[in-house]
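Below is one structure. I have some questions about it.
The values are calculated or read from the model by the stated rules, or taken from the named source; none is laboratory data. Keep in mind it's a predicted model, so treat the numbers as computed, not measured. Because the Cβ atoms are built from the backbone with ideal geometry, glycine has one as well, and the counts that use them run over all protein chains shown.
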Amino acid sequence: MKAIVHVQLKPGVLDPQGQAIAGALASLGYDEVTGARQGKVIELELSGTDHALARERVEAMCGQLLANMVIEQFSVEILD
Amino acid sequence: MRVAVIVFPGSNCDRDVAEAIAQVTGKPPIMVWHRETTFFDVDLVILPGGFAYGDYLRPGAMAARSSVMRHVLDHAKAGGLVLGICNGFQVLTEIGLLPGALLPNAGMKFICKPVKLKVTRTSTPFTGSFTKGQYLDIPVAHHDGNYFAQKDELSRLEDNEQVVFRYENNPNGSINDIAGLSNVSGNVLGMMPHPERAMVHGKTRGDGYKLFNTLMETIR
């Protein structure tokens with residue numbers, strides 16, 4: 001099994017990297033870009049086959065280490 | 001005063017702060033490697049500046065989960081003194097001893113320069129010899145010093161008067177100009193500026209020296 005964890009700054013938390021990306025895209029002529037937020041993706045290789053259990057465990061991992069809940073939010077996808 | 005300096009892989013101000021402590025107390029601190037699992041009996045634990053674990057995942061995230069930090073938590077919860085400088089401040093927020101988090105600087109640049117700090121809390125063992133509103137000259141050197149707390153958390157820590165230092169000219173976008181923050185009881189202090197880099201000011205003692213000296217006098 002595999003878990004794909006997306007970690008993103010919460011709305012309202014300043015994201016200077018996202019702003020820099022949006023600015024760079026605009027300077028390349030992509031006028032339609034009105035904003036950018038940068039996050040990170042963490043892929044976890046997991047043993048076992050129980051998706052529900054895996055989700056529960058990966059969410060615990062997010063709370064304990066992978067995301068800082070003061071500033072970040074996360075989403076978890078479990079794949080075969 | 002018995003002092004321990006915690007050393008993580010990637011710490012780079014551990015020797016500077018050890019030298020500062022030796023200057024003030026006449027005795028070098030104990031250097032404690034992050035894998036240490038036995039208890040150390042000290043008055044003050046210092047989490048030094050640097051880039052523990054290369055700032056992997058988030059600054060301070062890995063360091064906060066290393067085995068030695070369980071002892072630091074116990075020490076702090078028993079009322080022991082903890083000082084986190086720069087990366088050490090980031091570790092203290094990651095482990096939850098201090099509220100909030102430190103984000104990348106608003107200007108996305110590493111900032112290394114002297115700054116003016118206003119002392120806003122003197123009821124801590126770190127700042128007892130200063131007066132409220134007094135200005136200190138202590139340099140900063142960081143990329144992730146932009147302090148952030150959610151609105152309710154921010155008003156709680158302001159109500160509790162936990163802000164110890166504020167920037168006179170905010171260099172990094174830090175919310176409410178926060179440069180240093182304590183827990184409610186004042187035994188844990190996190191600060192982005194480096195007092196160990198302000199031991200001398202021209203031919204006189206620098207404000208960093210005064211901070212460490214205050215600590216020594218409080219404990220003695």
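Quick test of your reading of the structure: A:Glu72 fulfils all but one of (1) surrounded by 15 or more Cβ atoms within 10 Å (Cβ to Cβ); (2) at pLDDT below 95; (3) acidic (Asp, Glu). Name the failing condition by number.
(2)
Here's a follow-up. Name every residue in region A:1-22 that is away from every other protein chain (no Cβ under 12 Å) and either surrounded by fewer than 14 Cβ atoms within 10 Å (Cβ to Cβ) or among the charged types (D, E, K, R) (or both), in order of residue number.
First, the residues of region A:1-22 that are away from every other protein chain (no Cβ under 12 Å): A:1-4, A:6, A:8, A:22.
Answer for region A:1-22, where residues must be away from every other protein chain (no Cβ under 12 Å) and either surrounded by fewer than 14 Cβ atoms within 10 Å (Cβ to Cβ) or among the charged types (D, E, K, R) (or both): just A:Lys2.
Give me the pairs, please: first residue somewhere in region B:173-193 and at positive phi, second residue anywhere and part of a loop (DSSP other than H, G, I, E, B) and among the hydroxyl-bearing types (Ser, Thr, Tyr), beta-carbon distance under 7 Å, and either six or more positions apart or on two chains.
B:Gly186/B:Ser123; B:Gly186/B:Thr124
For region B:157-176, how many residues meet the condition of being over 27 Å from B:Leu57 (Cβ atoms) and over 15 Å from the mean Cα position of the chain (by Cα)?
Selection size over region B:157-176: 6.
Also, I was wondering about something else. Going through B:Asn146, B:Asn169, B:Asn160 one at a time, which residue ends up being of a type in the set (S, T, N, Q) and touching a Pro at 6+ places or on another chain (Cβ under 8 Å)? Full working, then the answer.
Working: B:Asn169 fails: touching a Pro at 6+ places or on another chain (Cβ under 8 Å); B:Asn160 fails: touching a Pro at 6+ places or on another chain (Cβ under 8 Å).
Step by step, each of B:Asn146, B:Asn169, B:Asn160 is checked, and only B:Asn146 is of a type in the set (S, T, N, Q) and touching a Pro at 6+ places or on another chain (Cβ under 8 Å).
Related question: Kindly provide the set of residues from region B:32-69 that are of a type in the set (Phe, Trp, Tyr) and not in a helix (DSSP H, G or I), ordered by number. Walk me through it before giving the result.
We begin by selecting, within region B:32-69, every residue of a type in the set (Phe, Trp, Tyr); these are B:33, B:39-40, B:51, B:53, B:56.
B:Trp33, B:Phe39, B:Phe40, B:Phe51, B:Tyr56 - these are the residues of region B:32-69 that are of a type in the set (Phe, Trp, Tyr) and not in a helix (DSSP H, G or I).
Among (1) touching a Pro at 6+ places or on another chain (Cβ under 8 Å); (2) within 22 Å of B:Ser155 (Cβ to Cβ); (3) in a strand (DSSP E or B), there is one condition B:Lys118 misses while meeting the rest; what is its number?
Here B:Lys118 meets the rest and fails (1).
Going by the structure shown, is B:Phe126 in contact (Cβ under 8 Å) with a residue 60 or more places away in the chain, of a type in the set (A, V, I, L, M, F, W, C) and crowded, with 21+ Cβ neighbours inside 10 Å? Please lay out each step first, then the result.
Working: in contact (Cβ under 8 Å) with a residue 60 or more places away in the chain: yes; of a type in the set (A, V, I, L, M, F, W, C): yes; crowded, with 21+ Cβ neighbours inside 10 Å: yes.
Criteria met by B:Phe126.
I would also like to ask the following. Confirm whether B:Ala101 is on the phi < 0 side of the Ramachandran plot and either surrounded by fewer than 15 Cβ atoms within 10 Å (Cβ to Cβ) or within 14 Å of another protein chain (Cβ to nearest Cβ) (or both).
Numbers: on the phi < 0 side of the Ramachandran plot: yes; either surrounded by fewer than 15 Cβ atoms within 10 Å (Cβ to Cβ) or within 14 Å of another protein chain (Cβ to nearest Cβ) (or both): yes.
Spelling it out, B:Ala101 is indeed on the phi < 0 side of the Ramachandran plot and either surrounded by fewer than 15 Cβ atoms within 10 Å (Cβ to Cβ) or within 14 Å of another protein chain (Cβ to nearest Cβ) (or both).
Tell me yes or no: at least one residue of region B:181-200 is surrounded by fewer than 17 Cβ atoms within 10 Å (Cβ to Cβ) and of a type in the set (Val, Ile, Thr). Before the answer, list the steps.
Going residue by residue through region B:181-200, those that are surrounded by fewer than 17 Cβ atoms within 10 Å (Cβ to Cβ) are B:184-185, B:200.
From what is left, the residues that are of a type in the set (Val, Ile, Thr) are B:184, B:200.
Yes - at least one qualifying residue is present in region B:181-200.
Turning to a different aspect of this structure: Please name all residue pairs, on different chains or six or more residues apart, with Cβ atoms under 9 Å, provided the first residue is in region A:51-70 and is of a type in the set (S, T, N, Q) and the second residue is assigned to a helix (DSSP H, G or I) and surrounded by 13 or more Cβ atoms within 10 Å (Cβ to Cβ).
A:Asn68/B:Ala61; A:Asn68/B:Thr93; A:Asn68/B:Glu94
Determine, yes or no, whether B:Pro114 is within 17 Å of the chain's Cα centre (by Cα), of a type outside the set (A, V, I, L, M, F, W, C) and under 25 Å from B:Glu217 (Cβ atoms). Give the steps one after another, and end with the answer.
Details: within 17 Å of the chain's Cα centre (by Cα): yes; of a type outside the set (A, V, I, L, M, F, W, C): yes; under 25 Å from B:Glu217 (Cβ atoms): no.
So B:Pro114 fails the test.
Sticking with this structure for a sec: Output the residue which, of all residues in region A:23-36 that are away from chain B (no Cβ under 13 Å) and surrounded by 12 or more Cβ atoms within 10 Å (Cβ to Cβ), is farthest from A:Met61 (Cα to Cα).
If we filter region A:23-36 for residues that are away from chain B (no Cβ under 13 Å), which is where we start, we get A:25-36.
The next check asks that each one be surrounded by 12 or more Cβ atoms within 10 Å (Cβ to Cβ); those that pass are A:25-26, A:33, A:36.
Details: A:Leu25: 34, A:Ala26: 37, A:Val33: 33, A:Ala36: 27 Å.
By that ranking, first place goes to A:Ala26.
Continuing with this model, one more query. Just give me the residues in region A:50-76 being more than 11 Å from the chain's Cα centre (by Cα), away from chain B (no Cβ under 14 Å) and not hydrophobic (A, V, I, L, M, F, W, C), in sequence order.
Matches in region A:50-76: A:Asp50, A:His51, A:Arg55, A:Glu56, A:Arg57, A:Glu59.
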